[in-house]
1. Quick check: residue separation of residue 18 and residue 126 times 0.36 nm, minus the Cα distance between them. What number comes out in nm?
2. Collect residues whose amide H, placed 1.01 Å from N in the peptide plane, falls under 5 Å from the amide H of residue 339; neighbours closer than 5 in sequence don't count.
3. Quick one: order 85, 63 from most to least accessible surface, probe 1.4 Å.
4. For a label point 7 angstrom out from the Cα of residue 37 toward its Cβ, which stretches of region 78-116 have the backbone nitrogen within less than 17 Å?
5. Using +1 at the C-beta of Lys and Arg and -1 at the C-beta of Asp and Glu, which of 56, 34, 22 has the Cα lying farthest in the positive direction of the dipole of region 22-66?
6. For a 21 Å ceiling on Cα separation, which of these pairs sit above it: 219/314; 237/258; 237/299; 113/166; 18/59; 299/337?
7. If you keep only loop residues by DSSP, which trypsin sites (Lys or Arg not before Pro) in region 3-32 have at most 10 other Cβ atoms within 10 Å of their Cβ?
8. Please list, in order along region 91-104, the HN-Hα scalar couplings obtained from phi with the Karplus expression 6.51 cos²θ - 1.76 cosθ + 1.60 (θ = phi - 60°), rounded to whole Hz, x for Gly and Pro.
Amino acid sequence: MELFDVYSLFDVTPVRAKGCTVWDDKGQEYLDLYGGHAVISVGHSHPHYVEALKAQLDKIGFYSNSVRNPLQEELARRIGEAAGYEDYALFLDNSGAESNENAAKLASFHTGKDRIIAFRRSFHGRTSGAVALTDNPAIVSPFNAHHRVTFLDLNDGDAVAEELMKRDVAAVIVEGIQGCGGIHVPTQGFLQTLSRLCRQYGAALILDEVQSGYGRTGKFFAHQWAGIRPDIITLGKGIANGFPCGGILIAPQFQARKGMLGTTFGGNYLACAAALAVLDIIEEEHLVDNAREVGEYLKSQLPESPRIKEVRGKGLMLGIEFDESVAPLRKALLYDKHIFTGVAGSNMIRLLAPLCLTRDEADRFLTAFSEVLAQ
Ligand code: PMP
């Protein structure tokens with residue numbers, strides 16, 4: 001059997017990794033400014049993370065959600081403390097898309113309504129429910145069985161007010177910073193307006209922090225720059241540093257009911273052990289501060305070039321937009337300079353480095369980037 005051929009692959013086969021470094025099967029070393037798409041938060045194969053997973057596997061790897069799992073309770077307490085959301089509740093699942101589906105479902109249960117407001121250029125995942133909330137013609141399927149979705153322009157508070165006044169909206173969903181749609185940043189004022197309007201009209205505000213979460217922007221959550229408290233916060237990607245794990249943080253006004261949400265794998269022992277180790281490392285190594293400091297440094301030191309149209313983003317979630325396709329630049333960075341970067345659309349280089357990126361590593365990228373720009 002062959003693989004279903006849906007991914008465009010680079011001709012690189014990583015076999016080993018440590019911190020922000022990856023080695024391929026020929027022993028070539030690469031600097032990782034992509035983090036496997038914002039998933040590697042505390043660095044590859046961190047010794048504490050590796051140890052925590054091995055130790056957990058030695059005890060018990062999996063049972064089911066029909067028995068008490070103290071690791072889930074510990075994780076809820078730890079995320080609550082780290083994020084400043086002690087009064088919220090945690091539901092654990094397996095991915096970002098699943099988290100957004102659970103959030104939308106919960107909002108519908110809570111409000112009895114089925115319409116969702118989402119934003120142009122949003123990305124919330126690829127399952128049929130999450131893809132329905134996503135504004136990307138390349139991946140949206142015609143199948144939308146779950147909610148009626150209205151897409152509005154990001155940062156247009158008046159348009160949101162106009163829709164919410166109709167009082168048929170269960171939720172507004174917005175990314176902390178739009179990732180796959182091209183690092184578009186909601187203004188603090190816009191997020192505050194969303195928060196106020198949702199409260200006024202009884203809609204749930206869902207903050208998708210799947211990509212912008214857990215320290216990447218220099219605060220624990222990107223929305224915390226705006227000082228708001230959303231009703232539901234969705235998690236995925238970096239929370240377990242590559243062990244599949246997602247979850248939602250749920251405000252106290254939502255009443256849990258037995259059977260309301262559920263999953264086979266969500267919150268299993270290994271995922272919890274991985275997620276707890278990630279929090280240990282984030283705290284121990286001050287990685288939220290590091291993401292802010294090294295991210296600001298990286299942004300401030302990017303070379304001036306007439307080819308660069310705009311640089312957007314915060315912390316270690318940065319997009320460098322060009323008027324041209326960035327495919328040749330990205331290839332030169334990978335094959336000549338041995339640096340992994342990401343993209344958004346065709347004209348943006350997207351940097352999603354592990355949160356432990358050092359200034360020296362940032363400098364290495366800056367030098368290489370100047371050189372490929374000059375070519
Ligand atoms: N939300 C956002 C903001 C994302 O960037 C992504 C993944 N790129 C998702 C949701 C979906 O996450 P997953 O692929 O784990 O389902």
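1. My answer for the length gained is 35.9 nm.
2. 31, 334
3. 63, 85
4. Those under the cut-off are 94-101.
5. So the residue we want is 56.
6. Over 21 Å apart, Cα to Cα: 237/258; 237/299; 18/59.
7. Qualifying residues, ordered by number: 26.
8. With the stated coefficients, region 91-104 comes to 10, 9, 9, 10, 6, x, 4, 5, 4, 5, 5, 5, 5, 5 Hz.
The values are calculated or read from the model by the stated rules, or taken from the named source; none is laboratory data. What you are looking at is a predicted structure, and each value in this text was computed from that prediction instead of being measured. Here the Cβ is made from the backbone with ideal geometry for all residues, glycine too, and neighbour counts use every protein chain on show. For accessibility, only protein heavy atoms count, side chains too; no ligands or nucleic acids. Shrake-Rupley method; radii C 1.70, N 1.55, O 1.52, S 1.80 Å.
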